[in-house]
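Before any comments, here is the structure.
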Amino acid sequence: MAPTDITTDGPTPSGTASAATISLGHLAVHFRPGERALATRFFELLGARVREFPNKFSDEPLYLISMDRDTPARPDNVIFLFALKPSQLALESVMTEHLGMDTDDPHPALREFLQQRADWPESYLHFGLHFARLEDLENAVVALRAEMASDPAFATRIQSLQILRAKGEDGDREIAERMAASPVFGETEQFAYGRHGAQVHIRTDLFATGLSLFGSVVELDFVFTGPGRERNAFNSLID
């Protein structure tokens, strides 16, 4: 079944931005008060550039995280990181108590949700970071694991790393051989969804994109390109 493009190829309507002028600007995530060192360390290990600024709305600083560390002045490809507000912490305390979170008798709906998220982290609200070089993605995972091994306080905040190797078209030996030789992807026989892409899903509660009591999922991606590799999970959802 071929994909259906719902965007027309006609002229751009007056007052509507051309697709060529749009990029993904920024994402805002939150850490729990007092945990900024652990949260910023996560992004530093990925290779991002982290800069600290005063925050007039909080005693905790505001962090500007540039995912492209070589051009940190860009107005896109940015993550803002700042402390959760007291009102959200109070709300989450009520929700945690009501749902029986971190108890031996959680609410059935919570138990089912947490189990599905553990089994299939990609199905949960998450954000993805794309690496232009496979080596940089591998280095990020190696650095994360080294930090987990050396710092128990950091390690307890990473709930899981799901490693998924890339799958090329039949006969694409280069991808298969590169995955087998990888210090990260060589350890798994599980494949990422779609063709030509390698993925790592990280579950962590170091920061949150919404409710902090559920933590976050961060996806690290690399896509093999070249002749015969035009199709991947970011331009075609047909496996």
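Please specify each residue of region 54-69 satisfying the condition of being open to solvent by less than 20 Å² (accessible area, probe 1.4 Å) and part of a loop (DSSP other than H, G, I, E, B).
61
Only one of (1) of a type in the set (A, V, I, L, M, F, W, C); (2) at pLDDT 95 or above; (3) open to solvent by less than 20 Å² (accessible area, probe 1.4 Å) is not met by residue 222, so which one is it?
(3)
Give 72, 106 a once-over and let me know the one that is in contact with a Lys or Arg (Cβ under 7 Å, 6 or more places away or on another chain), surrounded by 12 or more Cβ atoms within 10 Å (Cβ to Cβ), on the phi < 0 side of the Ramachandran plot and not in a helix (DSSP H, G or I).
72
Within region 164-189, count every residue that is free of Cβ contacts under 8 Å to residues at least 60 places away in the same chain, open to solvent by 40 Å² or more (accessible area, probe 1.4 Å) and either of a type in the set (Asp, Glu) or within 19 Å of residue 202 (Cα to Cα) (or both).
6
Out of region 206-226, which residues are assigned to a strand (DSSP E or B) and small (Gly, Ala, Ser)?
Answer for region 206-226, where residues must be assigned to a strand (DSSP E or B) and small (Gly, Ala, Ser): 208, 216.
Across region 206-218, what is the number of residues that are closer than 13 Å to residue 125 by Cα and open to solvent by 10 Å² or more (accessible area, probe 1.4 Å)?
Residues in region 206-218 being closer than 13 Å to residue 125 by Cα and open to solvent by 10 Å² or more (accessible area, probe 1.4 Å): 5 in total.
Would you point out which residue out of 203, 195, 178, 229 is under 22 Å from residue 136 (Cβ atoms), part of a strand (DSSP E or B) and basic (Lys, Arg)?
After applying the criteria, what remains is 203.
In region 36-53, what residues are at negative phi and not in a helix (DSSP H, G or I)?
48, 49, 50, 51, 52, 53
Spot the failing condition for residue 112; the list is (1) closer than 26 Å to residue 155 by Cα; (2) of a type outside the set (Lys, Arg); (3) assigned to a helix (DSSP H, G or I); (4) over 23 Å from the mean Cα position of the chain (by Cα), and only one is missed.
Looking at each condition in turn, residue 112 falls short on (4).
With more than 30 Å from residue 103 (Cβ to Cβ), touching a strand residue (DSSP E or B) at 6+ places or on another chain (Cβ under 6 Å) and among the β-branched types (Val, Ile, Thr) as the only criterion, which of 188, 204 stands out?
Answer to the check: 188.
Output the residue which, of all residues in region 144-163 that are in a strand (DSSP E or B) and of a type in the set (Val, Ile, Thr), is farthest from residue 42 (Cα to Cα).
Checking each candidate, the answer is 163.
The values are calculated or read from the model by the stated rules, or taken from the named source; none is laboratory data. As the structure is a prediction and not an experimental result, all values here were calculated from the model. Positions of Cβ are backbone-derived with ideal geometry, glycine not excepted, and every protein chain shown enters the neighbour counts. The area values use the complete protein model at the heavy-atom level, side chains included, leaving out ligands, DNA and RNA. Shrake-Rupley method; radii C 1.70, N 1.55, O 1.52, S 1.80 Å.
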